[in-house]
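The structure appears right after this line, and notes come after that.
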Amino acid sequence: MTSPATSPVWHPFTQHALQPNMIEIARAEGAWLETSDGRRILDAISSWWVVTHGHRHPRIVAAIEAQAAQLDQVIFAGFTHEPAERLARGLLDIVPPGLAHVFFSDSGSTSVEVALKMALGYWRNVGEPRRRIVALEHGYHGDTVGGMSVGARGVFNAAYEPLLFDVVRLPFPAPGLKQETVAAFRAACEAEPVAALIVEPLILGAGGMLLYPESVLVELQRVCAEHGALLIADEVMTGWGRTGALFACGKAGVAPDILCLAKGLTGGSLPLAVTLCTPRIFEAHHSTDRSKTFFHSSSYTANPIACAAANANLEIWHSGPVAERIAALTQGHADRLAPFRQNHRFTNVRQLGTIAALDVCVPDAGYLAGIGPKLQQFFLERDILLRPLGNTIYVMPPYCVTPAELDLIYGAIGEAGGALGGSS
Ligand SMILES: Cc1ncc(COP(=O)(O)O)c(C=O)c1O
């Protein structure tokens, strides 16, 4: 069932003139969405990369129910609660070493805003007001003003340009170019003191599922350390197992100064985000001088129900079969991607852990490639939710996905290449 074009709802990243009707979802379970009239759709992108274990994981649902019956919401300035305290400690046990403080917010974008404010606040409070932020070409860090500023510029933010601040942008470390990236960062640090470098570690998501090697991240961190710049790791997409390891930084052996987590933090059940930082950053704000306060809040900071869901998520990570499922999904992708490497309708077949991507050969590659909406429609007609980034098809299902479900997804991708793709 679809909602009519007369609905008053304005949907995100949606051109209503081209897509007036929305599919109404009434239920979800595991890797499946169910419409109000009973149609089942396979959620091959984890509902925008948030659902990790599967929709409505019983442990998370139970935790939400129990917490809702106890404490629904409380102001988080001057007050605290057990679910947030437990979650903060639980996170510090599993994130890369060196992080010691946890600031709560509500979305990936706000976790990035908090990270940028922490970095600039740090430099101001230590009396060395560095202003320069450095970011990677093709990066995506959310749709708030700070997130857009550090993200790639393009059709998505052209209208909001007057709001955006300048950053130094490093060339993407494509194969053969990684030394250029590191050299550009070193040059930026030498030209003007850098406050922070923000990166999506190991894979740029919305920028087109672009992979780069661990060694680049290691070298960028080394340059940060040499020049005292803070390293902000935006693991909003890469966190919670997506790259095969719990966190991409951990996989690369890199310890950031600031870490952003959201999406899979609650297993994908409720909106919640955290920005973690090292003692150095917290200490710079820790003062009897009230002007050194970290001035950031949102009404729902550390909502208890969302924290309870995140605590249940951590329990699943500790005691559920998550590593096994991630290993199986990683292998499942690899097996099914292999034939596409010989298929002339596709190129750049790639994988990092549970994330698989490949590009359909078209003359107008890129986010606005004409084939994007056609592909999406093609998959939906086969009851599969895939949302290609232009001509890049990626598969990022919840970890409960079965081999048979993966077969459905890859079968449809093969068919789409034949029906819609060109050739290289
Ligand atoms: C790396 C990264 N950072 C930030 C964000 C923004 O997160 P949210 O949509 O929860 O605001 C995203 C969203 O996809 C992301 O991939």
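The values are calculated or read from the model by the stated rules, or taken from the named source; none is laboratory data. What you see is a predicted model, and the numbers here were worked out from it, not measured in a lab. Every residue, glycine among them, receives a Cβ derived from its backbone with ideal geometry; neighbour counts consider all protein chains shown. Just the protein is used for accessible areas: all its heavy atoms, side chains included, with ligands, DNA and RNA removed. Shrake-Rupley method; radii C 1.70, N 1.55, O 1.52, S 1.80 Å.
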*State whether the residues of segment 330-342 include one that is surrounded by fewer than 24 Cβ atoms within 10 Å (Cβ to Cβ), closer than 24 Å to Met118 by Cβ and without any contact (Cβ under 8 Å) to a residue 12 or more places away in the chain.*
no
*Please indicate, with yes or no, whether at least one residue in segment 77-92 is at pLDDT 95 or above, of a type outside the set (S, T, N, Q) and closer than 25 Å to Ile203 by Cβ.*
yes
*Can we say Val51 is farther than 17 Å from Ile258 by Cβ and at pLDDT 95 or above?*
yes
*Being aliphatic (A, V, I, L, M) and in contact (Cβ under 8 Å) with a residue 12 or more places away in the chain is the filter; apply it to segment 168-190 and report the residue that is surrounded by the most Cβ atoms within 10 Å (Cβ to Cβ).*
Leu170
*Hey, does segment 35-50 have a residue that's more than 16 Å from the ligand (Cβ to nearest atom), in a helix (DSSP H, G or I), in contact (Cβ under 8 Å) with a residue 40 or more places away in the chain and surrounded by 19 or more Cβ atoms within 10 Å (Cβ to Cβ)?*
no
*Pick out the one residue from Ala233, Ala255, Ala225 that is within 16 Å of the ligand (Cβ to nearest atom), aliphatic (A, V, I, L, M) and either open to solvent by less than 10 Å² (accessible area, probe 1.4 Å) or at pLDDT 95 or above (or both).*
Ala233
*Mind checking which residues of segment 191-222 are open to solvent by 30 Å² or more (accessible area, probe 1.4 Å) and among the charged types (D, E, K, R)?*
Glu192, Glu214, Glu219, Arg222
*Within segment 258-282, can you find the residues that are in a loop (DSSP other than H, G, I, E, B) and within 15 Å of the ligand (Cβ to nearest atom)?*
Ala262, Gly267, Gly268, Ser269, Leu270, Pro271, Leu272
_One residue is enough: does segment 62-74 have a residue meeting the conditions within 30 Å of Val254 (Cα to Cα), open to solvent by 50 Å² or more (accessible area, probe 1.4 Å) and of a type in the set (D, E, K, R)?_
no
*Select, from Gly108, Gly121, the only residue that is more than 20 Å from Cys249 (Cβ to Cβ) and open to solvent by less than 30 Å² (accessible area, probe 1.4 Å).*
Gly121
*Filter segment 144-166 for residues that are charged (D, E, K, R) and assigned to a helix (DSSP H, G or I) and give the result.*
Glu161
_Residues of segment 318-365 that turn out to be touching an Asp or Glu at 6+ places or on another chain (Cβ under 8 Å) and part of a helix (DSSP H, G or I), as a count_ = 1
*Selection from segment 283-305 of residues that are charged (D, E, K, R) and in a loop (DSSP other than H, G, I, E, B)*: Asp289
